[in-house]
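Since the structure comes first, as structure tokens, the remarks are kept for the end.
The values are calculated or read from the model by the stated rules, or taken from the named source; none is laboratory data. These figures come from a predicted structure and were not determined experimentally. Note that we place each Cβ from the backbone using ideal geometry, even for glycine, and neighbour counts take in every protein chain shown. All accessible areas refer to the heavy atoms of the entire protein, side chains included, with ligands and DNA or RNA removed. Shrake-Rupley method; radii C 1.70, N 1.55, O 1.52, S 1.80 Å.
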Amino acid sequence: MSGTIWNFAGKTALVSGGATGIGEAIVRKLAAAGALVVFSDLNEAAGGVLERELRERGAHIRFVVSDATDESQVEALVANALSVGGALDMAINNVGGIAKRAGDHGRIRLHETSLEAWRATVDLNLTSCFLGMKHQIPVMVAAGGGAIVNLTSLAGMRYSDGASPAYAAAKAGVIHLTRYAAVMHATDRVRVNVVAPGLTATKAMLANMPDDETRRMRAARLPMKRMIDPAEIADACLWACSEAATGVTGLTIPVDGGTAAL
Ligand SMILES: NC(=O)c1ccc[n+]([C@@H]2O[C@H](COP(=O)([O-])OP(=O)(O)OC[C@H]3O[C@@H](n4cnc5c(N)ncnc54)[C@H](O)[C@@H]3O)[C@@H](O)[C@H]2O)c1
């Protein structure tokens, strides 16, 4: 496991939703940096494949099937990470998205949003973040410190085409909940920051834009004329957890190629 600027040897990290997409990029970077990584997902097949691949390459890794919206499962996941690593130094609450199966979608208008769709998207993004921090913070406080990174979206900072009202509101909530946690636990040496990806070229995102022309048009609207690579989001998360960021808490870090500056 080499080729990284980061060194997290001896640290234990927990990543939610780590089997695919941005979460997978975070898991890969943390493993390459020498951390013991416990990651969760609902996608048992993808999580198992990633766990096997990284373990064969010498990583300290454990995959756990766990629902980030279910408190008892979140509590058990934190206990699991503690039992494997003996400590919890870092936690990345990455689970999120638009709850399409509950009827939410990127073009939906507020008055068309069912209560079921609203609740499912708020649960997936905001409640998952709340539950993660609720169970991670006491462990970190007891150990004398730690670092948490939550994932929001540009849609939580400003109007964003293609984000549902529930997703935008939930992601705004993630930013403010992060600030509350950061200030409340500043003297506990638990730092809490939030990373806000712009349009990021995960496999799932690219699958929504199957033809090259659609991808080119979406990229052309962005200041850098390209989408963000998941590894670039992961680097921001690792920076926020690192010794290079010990004075940083409550910060929202856009990794968006300049879109937030428009
Ligand atoms: N991709 C982007 O362009 C983009 C932009 C802005 C913000 N984000 C945010 O970044 C984060 C990661 O996004 P992504 O694009 O990689 O998402 P993704 O949908 O590609 O991956 C999310 C992962 O979480 C897992 N998951 C879903 N529900 C879960 C649950 N209840 N419990 C545990 N695991 C669950 C999925 O199986 C999947 O592996 C999300 O919070 C998302 O809102 C992404």
Exercise. Does any residue of the stretch 135-146 turn out to be farther than 23 Å from Glu71 by Cα, modelled with pLDDT under 95 and of a type outside the set (A, V, I, L, M, F, W, C)?
Worked result: no
Problem set entry | Total residues in the stretch 34-49, condition more than 8 Å from the ligand (Cβ to nearest atom) and either among the basic types (Lys, Arg) or surrounded by 23 or more Cβ atoms within 10 Å (Cβ to Cβ) (or both) | 5
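Can you tell me which of Ala163, Ala196, Ala170, Ala204 is modelled with pLDDT under 95, within 19 Å of the chain's Cα centre (by Cα) and within 16 Å of the ligand (Cβ to nearest atom)? Even if it seems obvious, please write down each step before you answer.
Values: Ala163 fails: modelled with pLDDT under 95; Ala196 fails: modelled with pLDDT under 95; Ala170 fails: modelled with pLDDT under 95.
On inspection, the qualifying residue turns out to be Ala204.
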Exercise. When you look at Gly86, is it out of contact with any His (no Cβ under 9 Å at 6 or more places or on another chain), under 17 Å from Ala142 (Cβ atoms) and open to solvent by 40 Å² or more (accessible area, probe 1.4 Å), yes or no?
Worked result: yes
Problem set entry | Cβ pairs under 7 Å, 6+ apart, first in the stretch 151-166 and within 17 Å of Gly17 (Cβ to Cβ), second in a loop (DSSP other than H, G, I, E, B) | Leu151/Asn94; Leu151/Gly96; Ser153/Ala163
Problem set entry | Which listed residue is at negative phi, of a type in the set (Gly, Ala, Ser) and touching a residue at least 40 places away in the same chain (Cβ under 8 Å), from Ala240, Ala219 | Ala240
Exercise. Among the listed residues Val139, Val74, Val95, which satisfies the condition of being in contact (Cβ under 8 Å) with a residue 12 or more places away in the chain, surrounded by 18 or more Cβ atoms within 10 Å (Cβ to Cβ), out of contact with any Ser or Thr (no Cβ under 8 Å at 6 or more places or on another chain) and β-branched (Val, Ile, Thr)?
Worked result: Val139
For this session: Specify the residue that is nearest to Lys11 (Cα to Cα); the eligible residues are those in the stretch 207-253 that are polar (S, T, N, Q) and away from the ligand (no atom under 11 Å from the Cβ).
Result: Ser242
